[in-house]
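Worksheet: one structure, shown below.
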Amino acid sequence: MKELRCDVAVIGGGLGGCAAAWAALRLGQKVVMTEEFAWIGGQMTSQAVPPDEHPWIESFGCTASYRQLRNNIRDIYKRSYPLTHEARLNPRLNPGNGFVSAICHEPRVSLQALEEILRPYEAGGALTILRQVVPTAARVEGDKVLSVTAGDYEINADYFVDATELGDLLPLAGVEYVTGAESKAQTGEPHAADTAQPYNMQAISWCFVLDYHPELDRTIEKPARYEYFRDLIPPLKPDWGGPLLSWQATHPITLDPVVRTFDPVNPKPERGPMDLWTFRRIADRRNFIEGTYQSDIVLVNWPQIDYLDGNPIECTPEEKAACLEGSRQLSLSMLYWMQTVGGWKGLGLRGDITGTRDGLAMAPYIRESRRIKGLVTVLEQHVGLEARCAATGLSETEVRAERFVDSVGVGAYRIDLHPSTGGDNYIDVSSLPFQIPLGALIPQRVTNVLAGGKNLATTHITNGCYRLHPVEWNVGEAAGWLAGYCRQSGATPRQVWEKSRHLQDYQRLLTGHGVELEWPDLQPL
């Protein structure tokens, strides 16, 4: 076993992990960051999901460092890709012109942008990145973690940030946490379950990337579980309305059955999220000099690949492996259905885009993690429009999200829960632009572990709006600044939260580095 000593250990190299590492490094901390997969960047790279962002993202509502990441992505396209003259001059270039984001792009580009940010720290010796390792053990003394074992390394640090996709450090370190759906009795949330359901979690999805060449037959071998998924009508309440493998799905908000369009030849972007070809398109060939791209390139992260038959956490290794393989089989079955029943045999996987041999993403897309029991828990009553109106007695035009005096950032997204493994259909309700409370990053007991991603103290319901790219980044960045601040000041994270002098100093540190702590006056989403 090799021993590594650092100031801050970031366990998990997704978006939150990269942000946490970068923040701590800027405070002069020595950092070790681990990552399960070959690519750092998590949902934006190895999971291949273009950013889900709010409508004000180009102007405000994210940290300066997240804005720099977005600018770097555009800069890579403008300096390295054969863009058309119009695209090159566009300050708000959207490479894919996808509906879901103002900067839909290929995952390798965001990987390059992240590596360009962190590489100087690696070269200088302040940062060590251990790729393709997972945490397997933690050495704990009382309420403090002394070290974490990952791969062949024992990592000793003063502070540990859990930025894994599933909150994998929490059980190893003995950090109290929750999973799945809380009950109404526990949280008082209008959309909470009647009884607690700790294994009822949002579906995972194994995304993949496609292009289309009409002159070719690129039909894959029939997946082993194709017949099962072809015949599956999702057992959800309210009803899904038909077979999973189809162009039909449930409308997330109304829960009515809707038929989505899919036509690589004549897409219908005016239909917004109802047009699957342009919904998450990551390369619009019209942005590039003619002949560069023979086809648009599209990321498939659609309702039809939400895997409902199991969870990858709180289970045995065998059950986890079966869950992940089931998710892969569903995605391949959807592709096979599109090529055969759907009639688009020219569709083909682009493993060169995802960095894999099989053409699927390198990692599954995770929507819901273990969540710490924090000093503050974000409830639907804090951020949900209807719940907030009921809690405050204010009208929809007057009401605003809970103002947290310990704010460490902001976010905005609808409370958007995908179909769940417990049989729930979508829960998708309006929310208010919100703040991220520091107390949600700090465990109630363990003194030197911080949440660095989707594992902050939200509920099953509020996870639906705190799980997206810019919020995960902000959470990780706030954790990185906090770990560095605590090492420099001698205060513990809890003392920073409790003592106004430390909290004010820490918040000044955040704002000085471009972290927005409050929203202007905005309408709900």
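Placing +1 on the Cβ of every Lys and Arg and -1 on the Cβ of every Asp and Glu, with no other charges, gives the chain a dipole of roughly 980 debye about its Cα centre. With a simple spin-label model that places each label point 7 Å from the Cα along the Cα-to-Cβ direction, the separation between Glu116 and Thr511 comes to 3.2 nm. For Tyr365, nonlocal amide neighbours, meaning residues 5 or more places apart or on other chains whose placed amide H falls under 5 Å from its own, are Ser205, Trp206, Cys207. Applied to segment 452-466, the Karplus parametrisation 6.51 cos²θ - 1.76 cosθ + 1.60 on θ = phi - 60° returns per-residue 3J(HN,Hα) values of x, x, 6, 8, 5, 7, 9, 9, 3, 6, 6, 3, x, 10, 9 Hz, with x for Gly and Pro.
Using r as the Cβ-Cβ distance of Lys373 and Lys2, and R0 as 30 Å, what FRET efficiency do you calculate, to the nearest 0.05? Walk me through the intermediate numbers first.
Working: r = 33 Å, r/R0 = 1.10.
Efficiency, from the Cβ-Cβ distance: 0.35.
Sorting Phe434, Phe229 by the number of Cβ atoms found within 10 Å of their own Cβ, with the fewest placed first, yields Phe229, Phe434.
Note on Cα extents along the principal axes in Å: of the candidates (i) 95, 65, 41; (ii) 81, 69, 44; (iii) 66, 52, 48, the value calculated from this structure sits at (iii).
One decimal place: the segment Leu522-Glu396 gains 44.2 nm when fully extended, by the rule 0.36 nm per residue minus the C-alpha distance.
For the chain, hydrophobic long helices are taken as DSSP H runs at least 15 Å long by C-alpha position along their axis with mean Kyte-Doolittle hydropathy of 0.5 or more; these are 15-26.
Once you have the Cα-Cα distance between Thr195 and Cys315, take 0.36 nm times their residue separation minus that, and quote the gain in nm to one decimal.
Working: separation 120, 0.36 × 120 = 43.20 nm, distance 2.08 nm.
Taking Thr195 through Cys315 to full extension adds about 41.1 nm, to one decimal.
Between Ser500 and Glu325, what FRET efficiency comes out of the Förster formula 1/(1 + (r/R0)^6) with R0 = 41 Å and r the beta carbon distance, rounded to 0.05? Show your work: numbers first, answer last.
On the way: r = 51 Å, r/R0 = 1.26.
Efficiency at R0 = 41 Å is approximately 0.20.
Express as a percent, rounded to the nearest 5, the fraction of DSSP beta bridges in segment 186-342 (both residues included) that run antiparallel. Please report the intermediate quantities before stating the final value.
Working: 10 of 11 bridges.
Roughly 90 percent of the beta bridges in segment 186-342 run antiparallel, per DSSP.
When you restrict to C-alpha pairs under 8 Å that are six or more residues apart and normalise by the size of the chain, the relative contact order lands at 22 percent.
For segment 39-46, 3J(HN,Hα) computed residue by residue from phi via the Karplus equation (6.51, -1.76, 1.60; θ = phi - 60°) reads 9, 7, x, x, 5, 8, 10, 5 Hz, glycine and proline entered as x.
Close amide H partners of Leu83, meaning residues 5 or more places away or on another chain with modelled amide H under 5 Å apart, are Ile289.
Normalised by 2.2 N^0.38 Å, where N counts its residues, the alpha-carbon radius of gyration of segment 65-184 equals 1.47. Here the residues Asp275, Asp239, ranked from fewest to most Cβ neighbours within 10 Å of their Cβ, fall in the order Asp239, Asp275.
Given R₀ = 45 Å, FRET efficiency for Leu89-Gln444 by Cβ-Cβ distance, to 0.05? Rounded to the nearest 0.05, the efficiency is 0.30.
Using Cβ contacts closer than 10 Å as the measure, can you line up Leu127, Leu27, Leu216, Leu146 from fewest to most?
On the way: Leu127 22, Leu27 19, Leu216 11, Leu146 16.
So the residues, fewest neighbours to most, are Leu216, Leu146, Leu27, Leu127.
Entry note, segment 415-525: relative contact order of 28 percent, from Cα contacts under 8 Å with a spacing of 6+ residues.
Note on Glu176 and Ala64: the model spin-label points, each 7 Å out from Cα along the C-beta direction, lie 3.8 nm apart. Would you mind checking segment 1-26 for residues with the amide N under 13 Å from a putative spin-label position 7 Å along Cα→C-beta of Thr136? What the label zone holds, given the 13 Å backbone N cut-off, is 1-2. Where both bridge residues fall in the chain, DSSP classifies roughly 60% of the beta bridges as antiparallel.
Please tell me the relative contact order of segment 109-158 in percent, rounded to the nearest whole number, where contacts are Cα pairs under 8 Å and at least six residues apart. Please report the intermediate quantities before stating the final value.
Values: 41 pairs, mean separation 10.4, N = 50.
Dividing the mean separation by the residue count of segment 109-158 yields 21 percent.
Working note: Karplus 6.51/-1.76/1.60 with θ = phi - 60° gives segment 149-162 the couplings 9, 9, x, 8, 10, 9, 9, 9, 7, 7, 9, 10, 10, 8 Hz, where Gly and Pro are set to x. Secondary-structure-derived ellipticity at 222 nm for the chain, considering helices only, amounts to -8500 deg cm²/dmol, per-run term -39500 (n - 2.57) for DSSP H runs with n ≥ 4.
Every read-out reported here was derived from the displayed coordinates using simple, explicitly stated rules and does not represent laboratory data. Note that the coordinates shown come from a computational prediction; the quantities given were computed from them, not determined experimentally. For neighbour counting, all protein chains shown are included, and Cβ atoms are generated from backbone atoms with ideal geometry for every residue, glycine included.
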